[in-house]
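Below: one structure, written as structure tokens.
The values are calculated or read from the model by the stated rules, or taken from the named source; none is laboratory data. Remember, predicted model here, so these are calculated numbers, not experimental data. Virtual Cβ from ideal backbone geometry, glycine too; neighbours counted across all protein chains shown. Only protein heavy atoms, including side chains, enter the accessible area calculation; ligands, DNA and RNA are left aside. Shrake-Rupley method; radii C 1.70, N 1.55, O 1.52, S 1.80 Å.
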Amino acid sequence: MWRSHGTARRSTHALRLRVSAVLVAVTVLAVLLVPPLVQLDQQAVDLAAKLLPPSWSHPAGTDDVGRDLLLRCVYGLRVSLLVGVVAALTATVIGTAVGAAAGSLGGWADRLIMRVVDTLSSVPHLLLGIFIVAMFRPGVWPVVISVALTHWLSTARIVRAEVLSLRSRPYIDAAVSGGASRWRVTIRHLLPGVLPQAGLAAVLMVPHAMWHESALSFLGLGLPTHTASLGTLIQGARGSLLAGQWWPTLFPGLFLIIPTLAIAGLAGVWRERINPRRRSELML
């Protein structure tokens, strides 16, 4: 019974990996290839074709001014992915540096750094993000800065906990006894040990950053109104949804939900591979 249960779990694990990898690959290919290959202007207005339902000529229908909704969803997904990936990488670098510094220094420096992290964590991410975006002109990079500066706190905690765990290992004691400085121990031994956890945190942060960017865009903050973003597309489709046109809201929502679930699926597989306890459970 245990063997059949373990076989079923491994098959489910493999299926989730394949489906998530295919969806992520399709998403990346779409945002890279569709804009240069499709010779259509995603801003072209055609009032005679406004709010057309999905058809062969417009697979996702058109919006309230006649623009092709599928093409605008692809452009919006490209913006959301750009913000998500860049913000996640930036936040991971900041969080890794802060967490490694707190864990390696210890003492009063560790307590001071973590109290700052706790203080910033007490402020809602969206509220702090709105405050940061309001200080800049509308554009993509203010949104990236806002998301990055509000999402490094969890990474700092994870890295600090991992550094504290690594500090008790025998090879760290041997390096210190051999005369290695604290800086050398951190760079040569502690940071390589926390990179898998930091990389996993970065991957998990991409969907979170995409949703955060969409929330800011839905509120009309950060991005100009003419820039295609999944949040702005959903925000602009509210009136159409109340009038019974469901496709201007459905397809941007699917373009947001499916890639985030696929990335989260890949991150879950990664977490199971780097966690020995979880991997042993899968082998039962």
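Give the accessible area for VAL123 in Å² (nearest 10); use a 1.4 Å probe, count only protein heavy atoms, and leave out ligands, DNA and RNA.
60
With a 1.4 Å probe and every protein chain left in place, work out the accessible area per residue of the chain in Å², rounded to a whole number.
Roughly 54 Å² per residue, with all protein chains present.
Which value, to two decimals, describes the C-alpha radius of gyration of the chain once divided by 2.2 N^0.38 Å?
Relative to the rule-of-thumb radius for its length, the chain sits at 1.21.
Using the Kyte-Doolittle scale, which helices in the chain average at least -1.0 and also have C-alpha atoms spread 24 Å or more along the helix axis, with helices defined as whole DSSP H runs?
Answer set is 2-37, 69-105, 191-218, 247-274.
To one decimal place, what Kirkwood hydrodynamic radius in Å is obtained for the stretch 119-163 from all pairs of distinct Cα atoms?
Roughly 11.4 Å, rounded to one decimal.
Using amide H atoms built 1.01 Å from N in the peptide plane, name the residues 5+ places from THR62, or on other chains, whose amide H lies under 5 Å from its own.
Long-range HN contacts for THR62: LEU51, LEU52, LEU69.
How long are the three semi-axes of the equivalent ellipsoid of the stretch 128-196, in whole Å, if each is the root of 5 times an eigenvalue of the C-alpha gyration tensor, listed from largest down?
For the stretch 128-196, the ellipsoid semi-axes come out as 38, 11, 8 Å.
Order of 66-76, 166-176 by packing, highest average Cβ count within 10 Å first?
So the order, starting with the most tightly packed, is 66-76, 166-176.
For the stretch 189-282, calculate the relative contact order in percent as a whole number, restricting contacts to Cα pairs under 8 Å that are 6 or more residues apart.
This gives 30 percent for the stretch 189-282.
Nothing charged except the Cβ atoms of Lys and Arg (+1) and of Asp and Glu (-1): what's the magnitude of the dipole of the stretch 67-222 about its Cα centre? Round to the nearest 20 debye.
Using only the charged Cβ atoms, the result is roughly 220 debye.
Share of the stretch 45-119's accessible area from carbon and sulfur, percent, 1.4 Å?
Carbon and sulfur: 71 percent of the exposed surface of the stretch 45-119.
Rule-of-thumb check for the stretch 163-220: C-alpha Rg over 2.2 N^0.38 Å?
That works out to 1.76 for the stretch 163-220.
The stretch 110-164 to the stretch 61-107: how many Å between their Cα centroids?
14
Put one equal scatterer on each alpha carbon of the stretch 52-166, apply the Debye formula with no solvent term, and list log10 I(q)/I(0) at q = 0.12, 0.15 1/Å to two decimals.
Each listed q corresponds, in turn, to -0.58, -0.75.
Of LEU149, GLY193, LEU223, which is farthest towards the positive pole of the chain's charge dipole, taken about the Cα centre with +1 and -1 on the beta-carbons of Lys, Arg and Asp, Glu respectively?
So the residue furthest toward the plus end is GLY193.
Take the Cα coordinates of the stretch 16-92, assign each an equal point scatterer, and use the Debye formula without solvent to give log10 I(q)/I(0) at q = 0.11 Å⁻¹.
-0.37
Kindly provide the Kirkwood hydrodynamic radius of the stretch 173-284 in Å, to one decimal, from all pairs of distinct alpha carbon atoms.
It is 17.7 Å.
If you put +1 on each Lys and Arg Cβ and -1 on each Asp and Glu Cβ, how big is the dipole of the chain around its Cα centre, in Debye rounded to 20?
1220
Quick one: if the Förster radius is 35 Å, what FRET efficiency do ALA49 and ILE257 give, using the C-beta to C-beta distance and rounding to 0.05?
Rounded to the nearest 0.05, the efficiency is 0.85.
Grab the DSSP H runs of the chain that are 4 residues or longer, score each as -39,500 (n - 2.57), total them, divide by all residues and round the 222 nm result to the nearest 500 deg cm²/dmol.
Using -39500 (n - 2.57) per qualifying helix, the result is -24500 deg cm²/dmol.
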